[in-house]
Structure formats: structure tokens, C-alpha cells
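Colleague: Got a structure here, written out as C-alpha cells. Questions coming.
Bear in mind that the values in this text are calculations on the coordinates, not laboratory data. Please read these numbers as outputs of a predicted model, since none were measured by experiment. A quick note on method: Cβ atoms are made from the backbone with ideal geometry, for glycine too, and the neighbour counts reach across all protein chains shown.
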Amino acid sequence: NAATGDLQVVQVTPENEADILVHDAHSPSPTTAFALSRLADPDTLHQTPIGVFRSVERPVYDTQMADQLEAAIEQKGKGDLTALLAGNDTWTVVG
């Protein structure tokens, strides 16, 4: 619906063919995939979209974390937990 931006299931005709949304599951934006996931016919489910809504390549968290740790070690050297715990920035809590 051009006026509201809402999606709706319609019959394709020569008059509306130019307005039909063609979904790209590889699009970097999740907007259309999310809108399709909310489009359902609650009574019969005959016009409910199914399939792959989103298929994108993205970095994996643990790979990024390993890269970040390697970069920190290269820049600042390997850390020393004992020196950190016994360093100058400690205090005693009295009761």
C-alpha cells in the first residue's frame, strides 16, 4: 500500500504489476523480511508467506572477539592477571 507502507496480499494484474514487491532475501536491510514475517491470514493461513525471509552473510561474534583479543595483545602485550590484582589500584574494605 503506497499510502501507508503496509504490505498486503493481492492478485497480480497488469494494472498493479509494477507495484508488486519482489523480496530479496539477501538484502542487507531486515525491513522487508520483518514486514513479510508479520503478514499472515489468521483464518486459513492460505496467504501466509513461508520460506527464507533473510539470508545474509554477517561476521560471527566469536571470530570478532578472537580478532579483538589478538589486536589488543599485539598493541599492549599479553596481560598479567596477578600484576593487575596486586597492582597499585587496590584497597582494603574495613568493616
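Colleague: So what's the chain giving for Rg/Rh, alpha carbon basis, Kirkwood Rh from the mean inverse pair distance? Please report the intermediate quantities before stating the final value.
Modeller: Working: Rg = 26.6 Å, Rh = 19.2 Å.
Rg divided by Rh gives 1.38.
Colleague: So for the pair L39, V22, with labels modelled 7 Å out along Cα→Cβ, what separation do we get in nm?
Modeller: 1.5 nm
Colleague: Using only the alpha-carbon atoms, how far is helix 61-76 inclined from the longest principal axis of the chain? Give it as 0 to 90 degrees, nearest 10.
Modeller: Its long axis makes an angle of about 30 degrees.
Colleague: Tell me the mean residue ellipticity at 222 nm calculated for the chain from its helices only (DSSP H runs of n ≥ 4, each -39500 (n - 2.57), averaged over every residue, nearest 500). Please report the intermediate quantities before stating the final value.
Modeller: Numbers: 3 runs with 28 residues, N = 95.
Mean residue ellipticity at 222 nm (helix-derived): -8500 deg cm²/dmol.
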